[in-house]
Structure formats: C-alpha cells, structure tokens
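Working notes, beginning with the structure itself.
The values are calculated or read from the model by the stated rules, or taken from the named source; none is laboratory data. Predicted model only: the values in this text are computed from it and were never measured. Note that each Cβ is placed from the backbone with ideal geometry, even for glycine, and that neighbours are counted across all protein chains shown. Note: accessible area is taken over every heavy atom of the protein model, side chains too, but ligands, DNA and RNA are not part of it. Shrake-Rupley method; radii C 1.70, N 1.55, O 1.52, S 1.80 Å.
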Amino acid sequence: MVRNRVFASAAAVLVALGSGSSASAAIISTDDPTAEELLAAEIVADAGDADRQWDQVDAMESILPVKEQGTADAAKAEAAEVPEPEPEPEEPAAEESSSGSGDSGPSVEVSADCSEYSGNKAVGCTMTLEAGWDMNEVGCLVNLWDRESGWNETASNPSSGAYGIPQSLPGDKMASHGDDWQTNPATQIAWGLDYIEGRYGSPCGAWSHSESNGWY
C-alpha cells in the first residue's frame, strides 16, 4: 500500500513538473524499490528525454511566410513570361485596274522590250505591243505623239482645245476609257490607240497621214 502511494505521488510529480528525471527519482526514492518500481522509473526517464528532444525542433509556422512569398513570386514570374499577342499584319488592298470606261484607266507594267524608253513613252510602247503591233509600229507612234504633245498628259492646244498625249478633240472624248482621262497617261494612250486603229489601221498609218497633212 505504501509503495502504491509512492508510485501515485511520482506520477503526480511527472504531470506537475514535466521532468522525466525528477519523476524517475521520485519513483525509486524508497530504500528497497521493487523490480516494477525500477522499470517504471526507467520508462518515466525515457519519456522525459523524448519530450526534451522536441524542444530542439523549430516551429513549423516559421517557414509558412517564406512559402507564401515564394508562391506569390512564382505567380508573378509566370504572369510576366506570358507574351502579349502580336497584332496581325493587315493585308494590302488589291490594286484595281480597268480598261474601257470606269473610275480609272488601265494599270501598266512596262515590258522589258521597251527598256529603251522611259516614262509615258515606255507605257505607250508596252501598250502598243499588247495591242498586237511590233516595235516598228512603236517607233511610228513615238514619232507621232512627239509631234502632237511631246507625250505630255496635260498638253493642251489653246487654239483647238485638243488635249493630252493623243491630242483628243475635245479632250473629254477620252472619258470613255476612264474618268481619270485628264491625268492618267495610260487612259489617254488606251484611247489614242483605239482611235488610231479605227481610223488609220495602225500607228504607222497614222504617222504617214500626219507626215502628209500635218495632222491625224
């Protein structure tokens, strides 16, 4: 009975002081401890040592702010790496070209066969070849319109009112080939070639008439 009381007192000491070593000493404080008391004292001492080992571990809460900051930084870095979509390039508008009546006259890409000419003459050479005539006819056309206008699309005869490269009389006849007849050399040349073909058959036929009469 006395030993039971001693053991109960030792357990109370363990709870109150939280010390394994002091509790162990309390258990075996009798002069003649039994084997059970010695075992109890050893268990209590081991438990006290185990409790003290946890004192050496840092509190888990100390790493939480670091983890949260790292997550926030990672989210910012991921957001920064997302490239902004580049605007799609706009497709250029298709060039319009026309022959005959319309808002504008034909657009012309100068032929390599006309490399000896430049400017309006190169355009006239190209359109003459496209109409089915040869370089000899081109030469006649060059001579004809050199005399008439010097290939100037704004040339105007103050006496007769003839206008443009082919010296159309009146000038607005060329509107049948484009509304830009006053400024577009290709529109004027297209009208002039049609006029020559219909009246003289070819540029050389028109040049021959001009040589004989001074006009065509």
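Inside the stretch 162-186, can you point out the residues that are in a helix (DSSP H, G or I), under 21 Å from GLY119 (Cβ atoms) and either among the acidic types (Asp, Glu) or more than 47 Å from the chain's Cα centre (by Cα) (or both)?
Taking the stretch 162-186 first, the residues in a helix (DSSP H, G or I) are 171-177, 185-186.
Those still in the list that are under 21 Å from GLY119 (Cβ atoms) too: 171, 174, 177, 185-186.
Matches in the stretch 162-186: GLY171 only.
Just name the residue that is farthest from THR126 (Cα to Cα) out of those in the stretch 195-204 that are crowded, with 16+ Cβ neighbours inside 10 Å and out of contact with any Asp or Glu (no Cβ under 6 Å at 6 or more places or on another chain). Explain how you work it out, then say what you get.
First, pick out the residues of the stretch 195-204 that are crowded, with 16+ Cβ neighbours inside 10 Å: 195-197, 200, 202-204.
Now restrict to residues that are out of contact with any Asp or Glu (no Cβ under 6 Å at 6 or more places or on another chain): 195-197, 200.
On the way: TYR195: 17, ILE196: 16, GLU197: 16, TYR200: 20 Å.
So the residue we want is TYR200.
If I filter the stretch 146-161 for residues that are β-branched (Val, Ile, Thr), buried (at least 16 other Cβ atoms within 10 Å of the Cβ) and either assigned to a loop (DSSP other than H, G, I, E, B) or without any contact (Cβ under 8 Å) to a residue 12 or more places away in the chain (or both), do I get at least one hit?
Step one: list which residues in the stretch 146-161 are β-branched (Val, Ile, Thr), which gives 154.
Adding the requirement that they be buried (at least 16 other Cβ atoms within 10 Å of the Cβ) leaves none.
Checking the stretch 146-161: not a single residue is β-branched (Val, Ile, Thr), buried (at least 16 other Cβ atoms within 10 Å of the Cβ) and either assigned to a loop (DSSP other than H, G, I, E, B) or without any contact (Cβ under 8 Å) to a residue 12 or more places away in the chain (or both).
With respect to ILE189, determine if the residue is open to solvent by less than 30 Å² (accessible area, probe 1.4 Å) and either free of Cβ contacts under 8 Å to residues at least 60 places away in the same chain or not in a helix (DSSP H, G or I) (or both). Working first, answer last.
Numbers: open to solvent by less than 30 Å² (accessible area, probe 1.4 Å): yes; either free of Cβ contacts under 8 Å to residues at least 60 places away in the same chain or not in a helix (DSSP H, G or I) (or both): no.
When the stated conditions are applied, ILE189 does not pass them.
For SER159, indicate whether it is out of contact with any helix residue (DSSP H, G or I) (no Cβ under 7 Å at 6 or more places or on another chain) and among the polar types (S, T, N, Q).
Answer is yes for this residue.
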*What pairs come up if the first residue lies in the stretch 205-216 and is under 10 Å from TRP145 (Cα atoms), the second is surrounded by 13 or more Cβ atoms within 10 Å (Cβ to Cβ), and their beta carbons are under 6 Å apart, counting only those six or more places apart or on different chains?*
TRP207/CYS140; TRP207/ASN143; TRP207/LEU144
*What are the residues in the stretch 128-145 that are under 20 Å from SER107 (Cα atoms), open to solvent by 20 Å² or more (accessible area, probe 1.4 Å) and in a helix (DSSP H, G or I), if any?*
LEU129, GLU130
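Residues in the stretch 162-186 that are over 18 Å from ASN120 (Cβ atoms) and in contact (Cβ under 8 Å) with a residue 40 or more places away in the chain: how many? Break it down into steps so the answer makes sense when it comes.
Here is the first cut: in the stretch 162-186, the residues over 18 Å from ASN120 (Cβ atoms) are 169-170, 172-173, 175-176, 179.
Now restrict to residues that are in contact (Cβ under 8 Å) with a residue 40 or more places away in the chain: 175-176, 179.
Matching residues across the stretch 162-186 total 3.
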